[in-house]
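Read the structure below first, then the notes.
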Protein chains: 2
Amino acid sequence: MPQDRIRQESDMPSTAAPLPPAVDASAAPFMRTPDLSEPDTGRLRAAIRRYFLDTFDRYESLFQCLAGDEAYFVKPIPLRHPLIFYFGHTATFFVNKLMLTRLIDRRLDHRLESVFAVGVDEMSWDDLNDAHYDWPSVAEVRAYRGRVRALVLDLIDHAPLQSPIGWQNPWWAIVMGVEHERIHLETSSVLIRQHALKYVRSAPGWAPLPDAGGEPPANELVRVSAGTVRVGKAFDDPQYGWDNEYGSHVAQIESFEAGRYLVSNREYLAFVEAGGYRSHRDWTEEGRQWLDYSQAEHPTFWVKKTQGWFLRLMTEEIPMPWSWPVEVNYLEAKAFCNWMAAETGQPVRLPTEDEWYRLYDAAGLRDPGDQPCAANLHLDHGASSCPVDTWRHGDWYDVVGNVWQWTETPTYPFDGFDVHPIYDDFTTPTFDGRHNLIKGGSWIACGNEAVRASRYAFRRHFFQHAGFRYVVSHAPAEAPAAYYETDKLMSEYAEFHYGDSYFGVPSFPQTLARRAIEAMGERPRRRALDLGCASGRATFELARAFERVTGVDFSARFINQGVQLIQSGQLRYTLADEGELVSYKTRTLAELGLGEAAERVEFFQGDACNLKPQFTDYDLVLAANLIDRLYDPARFLDQIHERIVPGGLLLIASPYTWLEEHTPRASWLGGFKKDAENYTTLDGLKDHLAPHFQLLGAPEDVPFVIRETRRKFQHTLSELTIWERR
Amino acid sequence: MPQDRIRQESDMPSTAAPLPPAVDASAAPFMRTPDLSEPDTGRLRAAIRRYFLDTFDRYESLFQCLAGDEAYFVKPIPLRHPLIFYFGHTATFFVNKLMLTRLIDRRLDHRLESVFAVGVDEMSWDDLNDAHYDWPSVAEVRAYRGRVRALVLDLIDHAPLQSPIGWQNPWWAIVMGVEHERIHLETSSVLIRQHALKYVRSAPGWAPLPDAGGEPPANELVRVSAGTVRVGKAFDDPQYGWDNEYGSHVAQIESFEAGRYLVSNREYLAFVEAGGYRSHRDWTEEGRQWLDYSQAEHPTFWVKKTQGWFLRLMTEEIPMPWSWPVEVNYLEAKAFCNWMAAETGQPVRLPTEDEWYRLYDAAGLRDPGDQPCAANLHLDHGASSCPVDTWRHGDWYDVVGNVWQWTETPTYPFDGFDVHPIYDDFTTPTFDGRHNLIKGGSWIACGNEAVRASRYAFRRHFFQHAGFRYVVSHAPAEAPAAYYETDKLMSEYAEFHYGDSYFGVPSFPQTLARRAIEAMGERPRRRALDLGCASGRATFELARAFERVTGVDFSARFINQGVQLIQSGQLRYTLADEGELVSYKTRTLAELGLGEAAERVEFFQGDACNLKPQFTDYDLVLAANLIDRLYDPARFLDQIHERIVPGGLLLIASPYTWLEEHTPRASWLGGFKKDAENYTTLDGLKDHLAPHFQLLGAPEDVPFVIRETRRKFQHTLSELTIWERR
């Protein structure tokens, strides 16, 4: 990429965009996702009615592209169900969600609704699922769809309705069903595009755009100025959204350069011809694995014939439209960027999600209105891509529409994220670092898919009507923390430290920190050590009063929770509810009033029985639920005075639950007969600490509760003793 | 044993007893166990002072029987410590117990008090403990004893004292120390008797009785009339007692026949000469094992010399006094009885403890008073046995005194038993069915040992100054239930069902039974089934309202708890407190108001997924915390209607804690995604039960708490649903 092709945004020549293709003015544009805050319930009903019918009917029309019933039952690709499933699935989805919000109280058809409930797991290309399904006939499904259609229309016309339709409104299920069907409108169009040609046919309303274009313009880099990106919907936003769109996210974006055009088939051809698919050089490890599996030699919809390259569309193959955007998965797009970076020596990569938003804002775009989009979007212009220089957006083209654009960003939840109660696994399973966000929508992306707020993510090997725009930036593309702690112990402790209280028992780490601060009295509060800090709540709580607090734990996994809280201010974890069912939880330091205290906190991995020298000179050491988990508690007790300043305090809290798996029997501090008499752990504490400490006051019980499931808890009494260093 | 030797009690010729041997009138009798309710604290102090000195000094005088210091350090028998240990041990015991009641707050000598704290475990003859001990010198121990003596005397003279001295009085530790030393006075005398002759010597006050007697009279059986035995001390009894003497026990004793005399050496010789020790025929299995181990050929204190049989006493051997009682362990005594039974065809055996008490009462005996005993007891007459026809008691001789008498009865706790807080393992470890009670005391038994209430038990192979009296009775000698449940799960459930409530959570099985009875309303209450009854509390609780209640559980161990409650009315178990420390607990049906209900209860082992045909025709089935422990819960749900009458109720309570170890994942009722939606166990219950049941009312939470240790609990919410059989 020659350097002279890079221009500043401000250098952009103010050329007019080419004329858009002709639009069928006789048809109103495919309806936009409606305003759910419409206060007039009559109008609101009408809008929902139209939105439902528009979608339900358009979805059925898509299946007219299938050439006969057999096409419904043969799988287009081995990793997905045959199309008969998707024909029924979007109808069943309505029933399932309506059941959950209790708009209906009985199913229409138990058998069909079981058959159509769950798609094949397309999560991994090596997960070939050949389970046998006894599919119903097309006629049967069409009849079933008719019954669902009547059911939903009846509800829309007669069910009680209160405006607005928010998350808790039972009608949310109806809108969710419509938006869900719009997603499948696109994914089914991709499956049809993947079907053998003999199974497809042209159908009214699904013709590709006629403009195959000529040669695309040479791509060039245009500078995007630095700026602040703000995204995240409020929970009372008047438009429908999927859970991962809510909350808030703010990012400062450095200036970067972005390709003026999406990468065209022509531009991509250079990579193919350079042997990009034959060499592993430019591919990520994941990309190489996919290449080995797929044996791909070019983009999936490219067809090499003796007469040259063709492109597979939904229902036909056409001579390669070189000026249309190339359609690839993330792995191919990334390989292209790496190849280009190697060729040019520039830091070429895909944009992050935030960079795409910066580009969107810089291009001055807005969500689709009632007029046809000035973009190849929302089915407003036809059923295919168009040349990459058709729709200009600011200094760029196709910032939205034409094809989706892969980003570097694995999807993640915004601050304030919460799952929707009737669809708690829409996005949460994708918070795994393996699903990358695609932005901007394609020619068929509509409804929620076509708005700025939308956030869809797919496995990186997945095909959609998706391509990419490259950017050049020295800023690394960092993956935001999307991790949900799912390990049983770790998430139980996250809840134990930061979650709800149960049985009216107040927060244990908070109580201990409060007792510690009280006990300090007039003593200096410079440095505190929370030894065996686990998830770190007491460490943060101590920092309300101490200048510096160190949390130390033997487990790096626990330390990571504290570090994550310092870095991101939040902790995400799943809670086991019943069997395999979980709920999703996010806790932030801010909501606990600990945002400021976090600045005085640090966490280290360490061994309480063998502390590193730097952990010393403390005014307070807290050892909460620690001593009965040490392999050598006596050693800890006999040495801890070296870490505490004279007059400083040692707080020990423990339920004295001695277990051989943690502490060899010979190393227990108490809880056995010694010299024929009961020798308690408190006796052991006194004997070991007497040389350097004085016990202040009487031992006290501090209860704590650890939630194991929605119904099962550990309820324990820890004994707190406070010792003053002589 | 010819039949003509059996006489009725009433036939007993009213002959006068032979003259007792001369008593040294210059010495007051060895002090009796004092009245601890003496209201004048001056007098009470004086009595305790005298009792302490009398004992402490007499104990030291016993060690004058050792010939030089070496005798202290060579073990008389391999299974016990050398005598230096016992010399120090009784002093250390004072210190240990005084620490526990806080009469003192520091030890005299940490090292010695550790060395002298714990005796060698003499529980098993094959447990040879050769641990190395670095014993202190005799002079050192003597000096230590002097310090303890001064310490205790100082306390007796100056420590605050409130009368009476009961269990909770800190002075109880002093009296316990004295009584403990009196026990060791006897056991040490046995060890001295087992020492090699070269290590012993005669000592003032420890001479044997001079009356070696001639031939004993022929033994004969005397009928003991039927009667009621009442034993068990009140907790405010004015005399000291060990924990197992308290509570109450009442037994109806059938008439039986008892030997007029203890079995003499002469009488026992017939068994030895008949080859009793060479044949295994008459020995119990345990007796045979002991015989193989010990290679015994005759009683342990018999010495066979060329000039004939001799008897080893404490410090000398004498020609066999044939009229003295033979001294044997239980196993030998039992073998003699079996041999005699075989010879005579009569049901000869040892007496039970209750039969001994009946004999005691029939003989009209009372506890020792201030006058010398009319029995060879309490060191009142000399330091050895005497002829078996010396001391007449009613129609018998030596009902108390001379030598202890083995019984058939393994020791057990009376109703109302409780451990003493400063000595919780005095008797509890002997409630194992392997320690048999000895009764009546020996010539050296004194203090508490010499009173009717005393209850000492030893391993059956153990030697004491002990022999036996045989009885003839057709009544079996049943072993009372002494079993303490110590298995973790079993004792946790015993407490869960019958024990205390924690965190204010009321009894779970009681609550379920109450809810079941409420829900029954006006329905007939004939038959109820408690399926998965565990320890059976709900089974008993249901029997408050139902005519017949059956408890069924898969676990025989649980069923045994219910059966034991029906049979004995009580359940004994240990509670884990901290580490290895436990507390002891007894619960009775009577104190729960269930004594009468038990008559309508039965327990069976059974499989809820495969119930036997007879478990049917129930008005109520309760399945509490059952379904998530079944291997096939669906099968249970799909079939349970066959067991319930139309209109009857099924109560299901469960926390839905599905675990692979109990229920294969494929058999869970819920707690997973089904057809893409959350499918709870309640959904599963509804689907399975719908064909035959109707859900009554809303599900409700019923909490329960299971205590794991003093500080650690499971706190769980079980969901209760009530279903009516159509």
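Details
- The charge dipole of the protein assembly as shown, taken about its Cα centre with unit charges on the Cβ atoms of Lys, Arg (+1), Asp and Glu (-1) only, comes to about 200 debye.
- With Cα atoms defining each centre, the stretch A:278-349 and the stretch B:634-664 are spaced 57 Å apart in the structure.
- For the stretch B:325-384, alpha-carbon Rg over 2.2 N^0.38 Å: 1.48
- Computed from backbone phi, the HN-Hα couplings of the stretch A:208-223 come to x, 5, x, 7, 6, x, x, 6, x, x, 5, 6, 7, 8, 10, 6 Hz, rounded to whole numbers (Karplus: 6.51 cos²θ - 1.76 cosθ + 1.60, θ = phi - 60°; Gly and Pro given as x).
- Folded to 0 to 90 degrees: helix A:172-194 orientation relative to chain A principal axis, Cα: 60
- Average other protein chain Cβ within 10 Å of Cβ, residues A:712-724: 4
- Between amide H atoms placed 1.01 Å from N, distances below 5 Å from B:Leu311 occur with B:Val303, B:Ile318, B:Met320, all of them 5 or more places distant or on a separate chain.
- On full extension, the segment bounded by A:Phe503 and A:Val74 gains 148.9 nm, given 0.36 nm per residue less the C-alpha separation.
- Packing here is the average count of other Cβ atoms within 10 Å per residue, and on that basis the peptides B:47-55, B:157-165, highest first, run B:47-55, B:157-165.
- Measuring from each Cβ of chain A to the axis carrying A onto B, the nearest residue and its distance in whole Å come out as A:His715, 2.
- Projected over all directions and averaged, the alpha-carbon convex hull of the stretch A:514-564 occupies 3.3 nm².
- Cα gyration tensor, the stretch A:488-725 - rounded (a/c under 1.5), prolate or oblate: oblate
- Cα-centre dipole for chain A with unit charges at Cβ (Lys and Arg positive, Asp and Glu negative), debye to 20: 260
- Between copies, the label points at B:Asp367 (set 7 angstrom from Cα along Cα-to-Cβ) are spaced 9.3 nm, reported in nanometres from shortest to longest.
- At 7 Å out from Cα toward Cβ: B:Lys674 inter-copy label distances (nm, ascending): 5.6
- Approximating the spin labels as points 7 Å out from Cα along Cα→Cβ, the B:Thr300-to-B:Ala234 distance works out to 4.0 nm.
- Computed from label points 7 Å out along Cα-Cβ, the spacing between B:Lys198 and B:Arg726 is 9.5 nm.
- Reference-scaled alpha-carbon Rg (2.2 N^0.38 Å with N residues) for the stretch B:209-348: 1.30
- Residues in the stretch B:612-641 that a label on B:Ser667 would reach, taking backbone N under 16 Å of a point 7 Å out along Cα→Cβ: B:612, B:626-640
- Dipole magnitude for the stretch A:488-725: about 380 debye, using +1 per Lys or Arg Cβ and -1 per Asp or Glu Cβ, origin at the Cα centre.
- FRET efficiency for B:Asp675 and B:Gln307, using Cβ-Cβ distance with R0 set to 60 Å, rounded to 0.05: 0.05
- Selection among A:Ala335, A:Pro655, A:Thr55 by position relative to the dipole of chain A gives A:Thr55 as farthest towards the positive end (Cβ unit charges, Cα centre).
- Scanning residues 5 or more positions from B:Gly648 or on other chains, those with amide H under 5 Å from its amide H are B:Arg725, with H placed 1.01 Å from N in the peptide plane.
- Taking 0.36 nm per residue of sequence separation and removing the Cα-Cα distance, the B:Arg366/B:Asp415 pair yields an extension gain of 15.3 nm.
- By the rule of a C-alpha distance below 17 Å, with chain neighbours fewer than 8 residues away ignored, the aspartates and glutamates paired with A:Lys97 are A:Asp105, A:Asp109, A:Glu113, A:Asp154, A:Glu179, A:Glu181, A:Asp243, A:Asp424, A:Asp425, B:Asp675, B:Glu677, B:Asp683.
- At R0 = 22 Å, FRET efficiency that the Cβ-Cβ distance of A:Leu659 and A:Arg557 yields, to 0.05: 0.65
- Ranked list, fewest to most other Cβ atoms within 10 Å of each Cβ, for A:His497, A:His465: A:His465, A:His497
- Working from label points 7 Å from Cα in the Cα-to-Cβ sense, the A:Ser279 to A:Gln567 distance is 3.4 nm.
- Selection from B:Cys609, B:Val702, B:Val549 lying farthest towards where the dipole of the stretch B:488-725 points positive, charges on Cβ: B:Val549
- Cα centroid of the stretch B:699-726 to Cα centroid of the stretch B:473-537, whole Å: 15
- With its label point defined 7 Å out from Cα along the Cα-to-Cβ axis, B:Arg278 lies at 10.4 nm from the matching points of the other copies, in increasing order.
- Quarter of the Cα convex hull surface for the protein assembly as shown, i.e. its orientation-mean projected area (nm²): 69.5
- Taking the fewest neighbouring Cβ atoms within 10 Å as the starting point, the ordered list for A:Asp211, A:Asp683 is A:Asp683, A:Asp211.
- Range in chain A, longest, excluding exposed GluC sites (Glu not before Pro) [loop by DSSP; at most 10 other beta-carbon atoms within 10 Å]: A:1-477
- FRET E, pair A:Asp134, A:Arg50, Förster distance 30 Å, beta-carbon r, rounded to 0.05: 0.25
- Values of log10 I(q)/I(0), in the order q = 0.12, 0.15, 0.17, 0.22 Å⁻¹, for the stretch A:399-538 under a Debye, Cα-only, solvent-free model: -0.71, -0.88, -1.01, -1.40
- Shown in residue order for the stretch A:144-153 are the 3J(HN,Hα) couplings computed by the Karplus curve 6.51 cos²θ - 1.76 cosθ + 1.60 at θ = phi - 60°: 4, 4, x, 5, 5, 4, 5, 4, 5, 5 Hz (x for Gly and Pro).
- Computed from the Cα positions only, the extents of chain B along the three principal axes stand at 94, 65, 49 Å, in decreasing order.
- Each of B:Trp171, A:Trp309 was scored by other Cβ atoms within 10 Å of its Cβ. Listed from fewest to most, they are A:Trp309, B:Trp171.
- Spherically averaged projected area of the convex hull of Cα atoms, the stretch B:556-679: 11.3 nm².
- Gain upon complete extension [B:Asp425, B:Asp57; 0.36 nm per residue less C-alpha separation]: 129.8 nm
- Between the amide H of A:Glu485 and those of A:Arg572, A:Tyr573, A:Thr574, distances stay under 5 Å, these residues lying 5 or more places away or on another chain, with hydrogens modeled in the peptide plane.
- For the cross-link pairs B:Lys198/B:Lys304; B:Lys198/B:Lys334; A:Lys75/B:Lys674; A:Lys198/A:Lys304; B:Lys439/B:Lys585; B:Lys198/B:Lys305, the ones whose C-alpha atoms lie over 21 Å apart are B:Lys198/B:Lys334; A:Lys75/B:Lys674; B:Lys439/B:Lys585.
Every read-out reported here was derived from the displayed coordinates using simple, explicitly stated rules and does not represent laboratory data. Computed from a predicted model, the values in this text were never measured in an experiment. When we count neighbours, we look across all protein chains shown, and the Cβ atoms used for this are built from the backbone with ideal geometry, even at glycine.
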